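A.B. asks: Quick one: the structure is below, and I'll ask about it shortly.
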């Protein structure tokens, strides 16, 4: 083999080893973000579910109002505000 070919083979081996190390480092760094991203994903799934089933929000607000009128009114207002904000954010 000539020297140029040997150099290219060595360079390729070095690059393959470096890429393997970078993949390992990336997977370790991604593992740190797995739980926070899962939490965000669950939150988005809940928002999507509520968007497609708004009657659940209305019925839970009604139940809260019947169960405890003084505190429920405040929570109904909060729920309604949250629902309106969520609709605006999702529809943008």
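A.B. asks: Taking only Cα atoms of the chain, what ratio of Rg to Rh do you get with Rh as the Kirkwood inverse-distance radius?
C.D. replies: 1.50
A.B. asks: Now for a separate question. Hey, what number do you get for the chain at 222 nm if only DSSP H runs of n ≥ 4 count, each worth -39500 (n - 2.57), divided across all residues, to the nearest 500?
C.D. replies: Per the formula, -34000 deg cm²/dmol.
A.B. asks: I'd like the FRET efficiency for residue 33 and residue 62, computed as 1/(1 + (r/R0)^6) with the beta carbon distance as r and R0 of 41 Å, rounded to 0.05.
C.D. replies: So the FRET efficiency works out to roughly 0.55.
A.B. asks: Bin all alpha-carbon pair distances of the range 1-52 at 10 Å intervals from 0 and give each bin's fraction as a whole percent.
C.D. replies: 21, 22, 19, 16, 12, 8, 3
Read-outs: derived from the displayed coordinates by stated rules, not from any lab. Given the structure is predicted, the values throughout are model-derived calculations rather than measurements. Heads up, the Cβs are rebuilt from the backbone with ideal geometry, glycines too, and the neighbour counts pull from every protein chain shown.
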